[in-house]
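Report on the following structure.
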Amino acid sequence: MTSQDPTMPAALPGEPDASLLGQAQSRTELGRMTLHEERANIEVVRGGAGSVSVLRRVVEREELVPVQLVRETLEITVQDGQGLVTLNGEALEPGRTYEVVVREERAEVTKQIYALSDVVLSKQSRTVTHEEAVTLRRETLDVRDPHGLTRELAIVDEDLR
């Protein structure tokens, strides 16, 4: 601690002691050192997690659909002693019954397409917060003084210029 001259005003906090201003000081810079630190740069890389194929396929099935068809026939029965009866130039035998198809229905299949269901395909993006653990390093200055030579020095404003 220095003794102060009573005629000198007391130093304000942050100002050097007036008694130190009169001392001659010499400071020589020996070198400079830059300390570094790592900082994380995170890039978002878009990659495919997989893929799907969307196909429209036709599946066939066979169904038995019951249809009632009408058939109209003409029955010809020849009786004995009635005379000669011919069909398409052939003589019909007496006592027998013959059948001639007059009208016959047959099934004619047509197909119609009906909407079975509507399917909506959509794509959705969700943003989620993901925390990535990163170990970052920083350089620090470590001064070792095994002999205890370190002392606090008052810095004068003029020395900083």
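The values are calculated or read from the model by the stated rules, or taken from the named source; none is laboratory data. Just so you know, these numbers come straight off a predicted model, no measurement behind them. Every residue, glycine among them, receives a Cβ derived from its backbone with ideal geometry; neighbour counts consider all protein chains shown. For the accessible areas, the whole protein counts, side chains as well, though only heavy atoms, and no ligand, DNA or RNA atoms are used. Shrake-Rupley method; radii C 1.70, N 1.55, O 1.52, S 1.80 Å.
Tabulated data
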read-out	value
Top-ranked residue of segment 78-110 - restricted to ones that are charged (D, E, K, R) and outside any loop (DSSP other than H, G, I, E, B), ranked as farthest from residue 65 (Cα to Cα)	90
Residue satisfying condition, being of a type outside the set (Ser, Thr, Tyr), surrounded by 10 or more Cβ atoms within 10 Å (Cβ to Cβ) and in contact (Cβ under 8 Å) with a residue 40 or more places away in the chain, within set 132, 105, 139	139
Conditions (1) open to solvent by less than 100 Å² (accessible area, probe 1.4 Å); (2) modelled with pLDDT of 85 or more; number of the one not met by residue 113	(1)
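Residues are listed down the side, and each one gets a yes or a no for (1) open to solvent by less than 100 Å² (accessible area, probe 1.4 Å); (2) at pLDDT 90 or above; (3) under 44 Å from the mean Cα position of the chain (by Cα):
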{"position": "22", "(1), (2), (3)": "yes, no, no"}
{"position": "35", "(1), (2), (3)": "yes, yes, yes"}
{"position": "47", "(1), (2), (3)": "yes, no, yes"}
{"position": "76", "(1), (2), (3)": "yes, no, no"}
